[in-house]
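Below is one structure; the comments refer to it alone.
The values are calculated or read from the model by the stated rules, or taken from the named source; none is laboratory data. The structure presented is a predicted model; accordingly, all values stated were derived computationally and were not measured. Note that each Cβ is placed from the backbone with ideal geometry, even for glycine, and that neighbours are counted across all protein chains shown.
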Amino acid sequence: MARTSQKPKVAIVVKRTTYRKFVVEEHDPVIARLMRRRDPTVMRLKQSHDAHEATMREVDEALDELGADVVFRGGARGRIPQRVDLVVTVGGDGTLLAASHQIGDGIPLLGINSAPESSVGFFCGAKKGNVRAMLERALAGTLVKTELARMRVDLNGKTLHARVLNEALFCHASPAATSRYILRITRANGKVLEEDQRSSGMWIGPAAGSTAAQRSAGGSVLPLTSKRIQYVVREPYTPAGGRLRAPMGLLDPDGSLVLRSKMREAKVFLDGHRIVHAITIGDVLEMRRSPDRLTVLGIATKQRV
């Protein structure tokens, strides 16, 4: 954004590290015992926490030097003000993803990877060590912007979520049970493909999530700025000699995907395990590209793998 005579309003969304949650705040006896034993499952917790705290000090010092007005500081579940000039997340991709659900179209988001030694931080345009320089460019409006498509998910005609950035997982409530549903794909030209499927469920998501679960399930890595939604069936069941017509594919930018549940107990998970909705037999899920895009700073030059 361009600098003005007024102080730029910045919201900071901060990760609560595993060490802070379970050791400092909750005094979890299991974690404490494992740390005393120097168990390999917990040995990185303190190191990552210390790196995160050091990055937070970088952020605070930089914003103070740059004359920013910090109007919000809290976790991803806090209420981020809608009228801000910049949202900054300090953590990793998980923190950025959680914060993105509150960020409307056109509000720039800069992710800062606070522990790059242990965190991927693909969507983070800054990292520990270069915070001051990247924040200065973000506030000056000179940091490259990337518009990411998001997905809208409706259940029985009512919107569950309009800002899904990574993916939705639709499956039986039990991971050991077969998912049964009717898939219906509507193309932009009005053509329809419908198929009765049995599988372990289905991943559906925009391009931003195509390097994660979609790719692991056999899907394609999409260009970061693609407007298309990808669906990938997990472990599809096909009778001997048969084949699915739609084991995976891409929706047209204005197309839609409908799932009609044949299960009494099913779930849809949106952008991870925290946002989950119960689905039952006869329920209808519809997914399509959302008009509400996400503006992320500093990631256009990153290479997708």
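In the range 1-15 there is at least one residue that is under 18 Å from S118 (Cα atoms), under 23 Å from the mean Cα position of the chain (by Cα) and either in a strand (DSSP E or B) or modelled with pLDDT of 95 or more (or both). Among the residues of this structure, A207 does not count as one that is farther than 17 Å from L155 by Cβ and modelled with pLDDT under 95. Where strands (runs of 3 or more DSSP E) fall entirely within the range 132-238, those with at least 2 residues that are more than 20 Å from V87 (Cβ to Cβ) and aliphatic (A, V, I, L, M) are at 145-155, 168-172, 179-186, 192-199, 202-205, 230-233. Restricting the range 105-162 to residues that are over 30 Å from M202 (Cβ atoms) and among the hydroxyl-bearing types (S, T, Y) leaves a set whose member that is farthest from the chain's Cα centre (by Cα) is T142. Would it be correct to say that V70 is modelled with pLDDT of 95 or more, of a type outside the set (S, T, Y), assigned to a loop (DSSP other than H, G, I, E, B) and more than 20 Å from the chain's Cα centre (by Cα)? Spelling it out, it is not the case that V70 is modelled with pLDDT of 95 or more, of a type outside the set (S, T, Y), assigned to a loop (DSSP other than H, G, I, E, B) and more than 20 Å from the chain's Cα centre (by Cα). Residues in the range 272-297 that are assigned to a loop (DSSP other than H, G, I, E, B), surrounded by 13 or more Cβ atoms within 10 Å (Cβ to Cβ) and modelled with pLDDT of 95 or more: 2 in all. When Q82 is tested against (1) in contact (Cβ under 8 Å) with a residue 40 or more places away in the chain; (2) assigned to a loop (DSSP other than H, G, I, E, B); (3) under 17 Å from L294 (Cβ atoms), only condition (1) is not met.
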